[in-house]
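So the structure is just underneath, and the comments pick up after that.
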Amino acid sequence: MTPLMEVRDLAVHYGPAKALDGVSLEWRRGEILGIVGESGCGKSTLARALLGLVPPAAGSVSADGEELGGKASLRTLRRSVQMIFQDPYQTLNPRRRVREIVAEPLVVTGVVKAEHEARVARALEEVGMAPARFADRYPHQLSGGQRQRVAIASTLVLEPAGIVCDEPVSMLDVSVRSQILHVLLELQRARELALLFITHDLSLAWQLCDRIAVMYLGRIVEQGDARDVIERPGHPYTQALVEAVPPRKQRNALGGELPDPAALPAGCRFHPRCPRRFEPCDQVDPELYPTGEPAHEAACLLLRGGSSPESRSDIA
Amino acid sequence: MSAPLLEVSGLTVRHRRDLIVDGVDLTLARGEALGLAGESGCGKSTTALSLMRLLPAALEQEGAIVLHPPDGGDTINIDRRTERGMQLVRWRHVSLVFQGAMNSLDPVKRVGSQIASAIRLHEPKAKTADVAARIAELLGTVGLPARVERAYAHQLSGGQRQRVMIALALACRPSLVIADEPTTALDVVMQAQILELLERLRAELGLALILISHDLSVLAETCDRIAVMYAGRIVETGPVDAVFGDPQHPYTKRLLDSLPVIGGARELATPIPGGPPDPAEAPSGCSFRPRCPYAAEACEETPTLREVVPGQSAACHFAPWERWPEPVVVAEEPG
């Protein structure tokens, strides 16, 4: 089946900074795909590129098998793929009532007015916001969680096939967080929605995602089934991320910080921080190699053909 | 328990008629790390500020705050000090690492000169060379290269700024550091680095720590004891392993259930319905009652915090948890 969206060798540059540098990824229909990495790794840029919000410097983005290019293809895309953001306090128009906010995508896409009220009401009900109680409120009369529910409702009115969720719960209280995740998961199941879940929190990715792609400095360094990637990471960076999730048993935080994306290290871009680097790592830029598990691959020279796990630990 | 460093009793903070903090008691031993957990609006940051007497003028605080300096100095009654008297206590005895290091550093002063000001506040006669040596030592202690001394805040990453904040907090060799969400704005890798730094400082300097966070897993990793706050009160407190392993308050239990754990269940637990209460509309009786699946008639009366298993206290009429009634589904407004 054609994936919902696909990117091939995608590059996005902001001036000298290579925010994305050769990313290839499939986002399948109905799946929850996690994009995991630290801030500055390019995960939000990837989301923006998927929605056609930043122009690619190279490579392609396609939706439903068709490459994005002209305005017409973007218009189709924006009906089928929607986005919600991290900060529910900044994304809703403060001067509009909930019913107007949720109806806006219908107005923009020219849906006949007679349909608006029913579609808005249904979307609000789906996110647990009784229309009679909430439709006439303004954003400042809502809690953070309620605002995020409204943001989700306003993506639903267009009946999208996928929603890109950029850190959708990281600014919410713990007890409210799990309510919002419940809403998203129930929608995913009921509507067979695809979710692209961008997060720096691997434990959340563990709980929610079918597949995970781990990003580092504009590249995907590992991808595969969520359980495989987290339980048996093939890339030392993924391993460090897994080990950094509190509460930790060992104290061995990865040192250093993300290098400047305008001055990428030669060879493997993770090698200056890598606890397992060996001879060729500062010269050879690794591609994604199979880890041995189905559809699980990682960009680490330790996995390059010929080096068995035993010899790997010797080198490290 | 070893000699107490800090004793807080009946700490109450009011904003007009609203209770923001409602009768908080805390004891902290020398070198101990206490975690203060809770969601936004529960009063944890207000508690931190009141321990430093840094509340905005509109807030009134009551209750005893007594510090016993470990160097054998006289007992300090923080709650009775004048503003001038507090200046001798802040940074010298108790320091605060604020939430959001981004906004707490002076953007137009070099890092070194900011640390120098902090040192000179308490040692106005210190020689320039001694101050310079101390700055270099402090930067080394928090794991920053010496050249950071010449840097401005905007030239540093989030993690580096947080390290500078910690260096500032340590400048006058306090015995207690209060850190309010010190890792919240940071990525997991940087968070792990900062937590390791705090742990090392505790071990090397014998520092006591009050760590405030909404993130229970951060506290689980770093603290000896934990106090969970809800609507201005401590609803559960005890050794960290006991509280996490065997929570005695339904709020703590549900919060822990909702935390995703790698290797744990890949299904979402039943969420706590509703949202944290607004202090202006705090419910009568047990403030968790409207969200609690175990709430019963008894809960219309406010429960007191009492020891329910040795060393572990909870403010729930039905604690210990073996006595919780059958849970019911709670219909609350979406949070």
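Select from region B:297-325 the residues that are surrounded by fewer than 19 Cβ atoms within 10 Å (Cβ to Cβ) and touching a residue at least 60 places away in the same chain (Cβ under 8 Å) and write down the one among them that is nearest to A:Gln146 (Cα to Cα). In this case the residue turns out to be B:Trp321. Of note, A:Glu243 does not satisfy the criterion of being under 30 Å from A:Glu104 (Cβ atoms) and within 14 Å of chain B (Cβ to nearest Cβ). Is there a residue in region B:61-79 that is in contact (Cβ under 8 Å) with a residue 60 or more places away in the chain, over 27 Å from B:Gly23 (Cα atoms) and within 23 Å of the chain's Cα centre (by Cα)? For region B:61-79, residues in contact (Cβ under 8 Å) with a residue 60 or more places away in the chain, over 27 Å from B:Gly23 (Cα atoms) and within 23 Å of the chain's Cα centre (by Cα): absent. Checked against the criterion of being touching a Phe, Trp or Tyr at 6+ places or on another chain (Cβ under 9 Å) and either over 21 Å from A:Gly34 (Cα atoms) or not aromatic (Phe, Trp, Tyr) (or both), the candidates A:Arg133, A:Arg147, A:Arg177, A:Arg122 yield just one match: A:Arg147. The single condition among (1) of a type outside the set (Asp, Glu); (2) out of contact with any Cys (no Cβ under 9 Å at 6 or more places or on another chain); (3) more than 30 Å from A:Tyr138 (Cβ to Cβ) that A:Gly34 does not satisfy is (2).
So, B:Val243, is that one modelled with pLDDT of 95 or more and more than 11 Å from chain A (Cβ to nearest Cβ) or not?
Considered against the rule, which asks whether it is modelled with pLDDT of 95 or more and more than 11 Å from chain A (Cβ to nearest Cβ), B:Val243 comes out as yes.
For region B:182-197, a residue qualifies if it is surrounded by 22 or more Cβ atoms within 10 Å (Cβ to Cβ) and more than 13 Å from A:Asn252 (Cα to Cα), and the qualifying residues are B:Pro182, B:Thr183, B:Leu186, B:Asp187. Within this structure, A:Leu124 fails the test of being in contact (Cβ under 8 Å) with a residue 40 or more places away in the chain and assigned to a helix (DSSP H, G or I).
For region B:299-306, indicate whether the set of residues that are outside any loop (DSSP other than H, G, I, E, B) and closer than 26 Å to B:Glu32 by Cα is non-empty.
Yes: region B:299-306 contains one or more residues that are outside any loop (DSSP other than H, G, I, E, B) and closer than 26 Å to B:Glu32 by Cα.
Scanning region B:271-291 for residues that are within 12 Å of chain A (Cβ to nearest Cβ) and farther than 27 Å from B:Cys223 by Cα yields B:Pro273, B:Gly274, B:Asp278, B:Arg291. Consider region B:258-268 and keep the residues that are surrounded by fewer than 16 Cβ atoms within 10 Å (Cβ to Cβ) and more than 7 Å from chain A (Cβ to nearest Cβ). The one that is nearest to B:Val243 (Cα to Cα) is B:Gly264. Scanning region B:326-335 for residues that are away from chain A (no Cβ under 14 Å) and surrounded by 12 or more Cβ atoms within 10 Å (Cβ to Cβ) yields a total of 1.
Sort out which residues of region A:127-147 are more than 15 Å from A:Gln82 (Cβ to Cβ) and outside any helix (DSSP H, G or I), and write them in order of number.
Selection gives A:Gly128, A:Met129, A:Ala130, A:Ala135, A:Asp136, A:Arg137, A:Tyr138, A:Leu142, A:Ser143.
Of the residues making up region B:69-88, those that are under 22 Å from B:Ala33 (Cβ atoms) and either in contact with a Gly (Cβ under 9 Å, 6 or more places away or on another chain) or buried (at least 19 other Cβ atoms within 10 Å of the Cβ) (or both) are B:Pro70, B:Ile76, B:Ile78. Scanning region B:299-321 turns up one or more residues that are more than 28 Å from A:Leu181 (Cα to Cα), away from chain A (no Cβ under 13 Å) and of a type in the set (Lys, Arg).
For region B:54-89, a tally of residues being among the small types (Gly, Ala, Ser), part of a loop (DSSP other than H, G, I, E, B) and within 23 Å of B:Pro124 (Cβ to Cβ) returns 1.
When A:Gly59 is tested against (1) surrounded by fewer than 19 Cβ atoms within 10 Å (Cβ to Cβ); (2) in contact with a Pro (Cβ under 7 Å, 6 or more places away or on another chain), just one condition goes unmet, and that condition is (2). Of all residues being in a loop (DSSP other than H, G, I, E, B) and touching a strand residue (DSSP E or B) at 6+ places or on another chain (Cβ under 7 Å) in region B:314-331, which is farthest from B:Gly285 (Cα to Cα)? Just the residue, please. Top of the filtered list is B:Pro320. Within region B:143-184, the residues that satisfy the criterion of being of a type outside the set (Phe, Trp, Tyr), more than 23 Å from B:Ser45 (Cβ to Cβ) and either away from chain A (no Cβ under 14 Å) or not in a helix (DSSP H, G or I) (or both) are B:Gly143, B:Leu144, B:Pro145, B:Ala146, B:Arg147, B:Glu149, B:Arg150, B:Ala151, B:His154, B:Leu156, B:Ser157, B:Arg173. Residues that are over 18 Å from B:Arg266 (Cβ atoms) and hydrophobic (A, V, I, L, M, F, W, C) were ranked within region A:195-212; the one that is farthest from the other protein chains (Cβ to nearest Cβ) is A:Leu196.
The values are calculated or read from the model by the stated rules, or taken from the named source; none is laboratory data. Owing to the predicted nature of the structure, the values given are computational and were not obtained by experimental measurement. Counting neighbours? That spans all protein chains shown, and the Cβs are built from the backbone with ideal geometry, glycine included.
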